[in-house]
Amino acid sequence: MSVVQVKNLQRRLDNLLSEATQELDRSCGHELWRSIGFDAFDGLEDAERRAVANYYYGQWQTAKELLDAIS
């Protein structure tokens, strides 16, 4: 993979992380998920908000792991 391709991938992953972070903050109504992880939104009473949070947490985790692997 060329340097340009790696930089583009990093930029895209950063965008995914940013989007997922914003959506998790919105879904949870707070930033506690950043320190306690999955448990912060696992207890949400609204099933739709919990589903959205689960989706974006998976996206956030995947993007973070990929960024860590290529950095």
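Summary table
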read-out	value
Residue that is most open to solvent (accessible area, probe 1.4 Å), among those in segment 2-12 that are among the hydrophobic types (A, V, I, L, M, F, W, C) and within 19 Å of Thr62 (Cβ to Cβ)	Leu9
Criterion violated by Arg34 - all others in (1) within 8 Å of the chain's Cα centre (by Cα); (2) open to solvent by 80 Å² or more (accessible area, probe 1.4 Å) satisfied	(1)
Every residue from segment 13-31 that is open to solvent by less than 70 Å² (accessible area, probe 1.4 Å) and polar (S, T, N, Q)	Ser18, Thr21, Ser27
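The values are calculated or read from the model by the stated rules, or taken from the named source; none is laboratory data. What you see is a predicted model, and the numbers here were worked out from it, not measured in a lab. In this analysis, Cβ positions are derived from the backbone assuming ideal geometry, glycine residues included, and neighbour counts consider all displayed protein chains. What goes into the accessible areas is simple: the full protein's heavy atoms, side chains included, and nothing from ligands, DNA or RNA. Shrake-Rupley method; radii C 1.70, N 1.55, O 1.52, S 1.80 Å.
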